[in-house]
Amino acid sequence: MEINEKLMRDLKKKVDLEMSKNEIEVVEHWRKEIEVIYKKKYENLSSLQIDLKNLMERMNNRAAMLSRMVREHS
């Protein structure tokens, strides 16, 4: 069964649109997380560094989990 070019273009546009929407949600989520840290009043630099390190660890954990999911479904 052959899929015509117009259908392929339409499907590609739909997938690209959904990926863009998902990317917007992801970027907005992490921007909000950074905003919380930005607005927090810190007594010293080390407290800020701890919060930034925790955020980076959460981001690394999420990326690792997503990578595992992609590998499992490939």
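A short reminder: the numbers here are calculations on the coordinates, not readings from a lab. Note that the structure is a prediction, hence the values are computed from the model and not measured. All Cβ positions, glycine included, derive from the backbone under ideal geometry; neighbour counts span all protein chains shown.
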Computed over the chain: longest principal axis from alpha-carbon atoms vs helix 5-39 long axis, angle to nearest 10 degrees, is 10
Which FRET efficiency, nearest 0.05, do residue 21 and residue 45 yield, Cβ-Cβ r, R0 35 Å?
0.40
With bins 5 Å wide starting at 0, give me the P(r) of the chain over every alpha carbon pair, in whole percents.
3, 12, 13, 16, 15, 12, 10, 7, 5, 3, 2, 1, 1, 0
Place a label point 7 angstrom from the Cα of residue 28 along the Cα-to-Cβ direction, then list the residues of the range 35-66 whose backbone nitrogen is under 17 Å away.
35-36
In degrees, nearest 10, range 0 to 90: what is the angle between the Cα axis of helix 45-72 and the longest Cα principal axis of the chain?
20
